[in-house]
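One structure below.
The values are calculated or read from the model by the stated rules, or taken from the named source; none is laboratory data. Bear in mind that the values here come from a model prediction, so they are computed numbers and not experimental data. Note: ideal-geometry Cβ built from the backbone for every residue, glycine included; neighbour counts use all protein chains shown.
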Amino acid sequence: MSVDTTESRIKAETDEPGWEVDPDDEWGMAVIGTVGRQLRLRREAVGMRAADFGTAVGYGEDLVYKIEGGKRIPRPEYLDKADEVLEAGGLLAAMKEDVRKVRYPKKVRDLAQAEAKAVELQLYDPLNIHGLLQTPEYARALLRMRRPAYSEEEVERFIAARVARKAVFDRNPAPEISFVLEEWTLRRPLGGKAVLRRQVEHLLEAGRLRNVELQVMPMDCEGHAGVDGGIDVLKFADGSAVGRSPVVANGRPVCDLRQLRILELRYGIIRAQALTPRESTAFIERLLGET
C-alpha cells in the first residue's frame with residue numbers, strides 16, 4: 001500500500017461519522033473513557049510513543065490521542081491490533097464486547113435491555129414491519145430510504161443494533177410476543193421483490209415459534225383502532241410494565257397505570273379487528289405465493 005493510500009485511509013477513518021461518543025450517553029462515555037485510559041496506560045507501560053504506536057497499528061497519531069482521550073470509539077480491529085502490538089495477552093481485545101454495545105444508539109440499547117427482561121411483549125407498528133421481525137436486507141433497504149440520508153456507517157450501525165435485539169427470541173424461558181402487522185407493509189417491495197420475498201418467508205418462520213403470535217390488519221378492514229400510531233407494551237415478571245406510543249407522553253416510555261390501560265385497551269381492540277393468528281398465517285402464505 002502506498003503512503004498516499006495509507007494517509008487517505010487514515011484521514012477517512014479519522015473523519016468518518018458514526019464513531020463519535022454520544023455526549024448524552026453517560027454509560028457510553030464512561031466505557032469509552034475507561035477503554036481509552038487502558039490503551040494509554042498499556043502503551044506508556046511499554047514505552048511506546050503515540051506516533052510510533054499509530055504507525056504500528058496503521059492509524060494516525062491524532063486518532064490515537066482521540067481514542068485514548070475517550071473522544072472516539074475504537075474499531076474492533078484497532079483493539080485486536082493494539083493487543084498484539086502492546087502484548088496485552090488478550091486484555092485489550094476483551095473490551096470489544098462493551099465497545100460494541102456503545103456503538104448502538106442509547107435509545108436502542110435501553111429498549112433492548114427492557115426487551116431482555118420482559119415476559120410479555122405487545123407490539124404494533126403501522127408504518128413498517130416491526131424491527132424485531134425485519135431481516136437485515138429489509139432493514140438495510142428501509143434505512144437507506146430515510147431522508148436526510150444516513151451514512152453507510154450509520155446504516156450498518158443501526159442494523160447491528162436491530163440484529164442484537166433479536167436475542168429476545170432466544171431467551172429461555174421465552175417471553176410471549178404478539179405482533180400486529182399492516183397488510184400494506186407486507187406488500188410494498190422495499191428493496192426489491194427478492195428482499196420482500198425473503199422478508200415474508202422470515203415472517204412465516206417467526207410465526208411458527210410457540211411463543212410468537214402474528215396477526216395481520218387487512219387493508220379492507222372498516223374499523224381500525226391503530227390510526228393514532230404504533231404501540232409497544234412490555235410486561236415484566238414483577239407485574240410492572242412500560243408502554244410507548246406517539247400519542248402518549250410524546251412517545252416517551254410510560255409506567256403510569258392509567259396511560260398503560262389506554263395503550264392496552266387500544267392494542268386489544270387492534271388485535272380483535274385484525275385477522276386471527278391462523279388466518280394471518282394463511283394470508284401471509286398467499287402473499288408469499290404472489291411475490
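Evaluation of residue 97 against the conditions (1) over 30 Å from residue 271 (Cβ atoms); (2) surrounded by 19 or more Cβ atoms within 10 Å (Cβ to Cβ); (3) over 12 Å from the mean Cα position of the chain (by Cα) shows that the sole unmet condition is (2). Just to be sure, is residue 174 surrounded by 19 or more Cβ atoms within 10 Å (Cβ to Cβ) and more than 27 Å from residue 286 (Cα to Cα)? Taking the combined requirement at face value, the residue does not satisfy it. In this structure, residue 141 qualifies as small (Gly, Ala, Ser), over 25 Å from residue 32 (Cβ atoms), assigned to a helix (DSSP H, G or I) and in the same structural domain as residue 215 (by TED's automatic domain parsing).
In the stretch 252-274, the residues that are more than 12 Å from residue 241 (Cβ to Cβ) form Cβ pairs under 9 Å with partners that are buried (at least 16 other Cβ atoms within 10 Å of the Cβ) and of a type in the set (Asp, Glu), at six or more places apart or across chains, as follows: 271/213. Of everything listed in (1) closer than 21 Å to residue 156 by Cα; (2) not assigned by TED's automatic domain parsing to the domain that holds residue 60, the single unmet condition for residue 119 is (1). The set of residues in the stretch 216-241 being in contact (Cβ under 8 Å) with a residue 60 or more places away in the chain and buried (at least 18 other Cβ atoms within 10 Å of the Cβ) consists of 216, 226, 230, 231, 232, 233, 234, 235. From the list 155, 163, the lone residue that is without any contact (Cβ under 8 Å) to a residue 24 or more places away in the chain, under 16 Å from the mean Cα position of the chain (by Cα) and in the same structural domain as residue 191 (by TED's automatic domain parsing) is 155.
When you scan the stretch 118-141, how many residues do you find that are free of Cβ contacts under 8 Å to residues at least 60 places away in the same chain and either at positive phi or under 13 Å from the mean Cα position of the chain (by Cα) (or both)? Of the residues in that region, 6 qualify.
Would you call residue 263 surrounded by 17 or more Cβ atoms within 10 Å (Cβ to Cβ), in contact with a Ser or Thr (Cβ under 9 Å, 6 or more places away or on another chain) and closer than 30 Å to residue 137 by Cα? Judged against the criteria, residue 263 is not a match. Taken residue by residue, the stretch 60-71 has no member that is within 30 Å of residue 189 (Cβ to Cβ) and among the β-branched types (Val, Ile, Thr). Of the residues making up the stretch 280-291, those that are without any contact (Cβ under 8 Å) to a residue 60 or more places away in the chain and either of a type outside the set (A, V, I, L, M, F, W, C) or within 21 Å of residue 111 (Cα to Cα) (or both) are 286, 289, 290.
Residue 79 meets the conditions (1) closer than 14 Å to residue 20 by Cα; (2) assigned to a helix (DSSP H, G or I) in every case but one. The failed one is (1). Among residues of the stretch 45-72 being more than 29 Å from the chain's Cα centre (by Cα) and acidic (Asp, Glu), the one that is farthest from residue 23 (Cα to Cα) is 52. In the condition set (1) within 21 Å of the chain's Cα centre (by Cα); (2) modelled with pLDDT under 95, residue 223 is compliant with all but (1).
Residue selection: residue 114 satisfies the criterion of being out of contact with any helix residue (DSSP H, G or I) (no Cβ under 8 Å at 6 or more places or on another chain), in contact (Cβ under 8 Å) with a residue 12 or more places away in the chain and part of a helix (DSSP H, G or I). In the stretch 29-74, of all residues being farther than 22 Å from residue 98 by Cβ and among the aliphatic types (A, V, I, L, M), the one that is surrounded by the fewest Cβ atoms within 10 Å (Cβ to Cβ) corresponds to 46.
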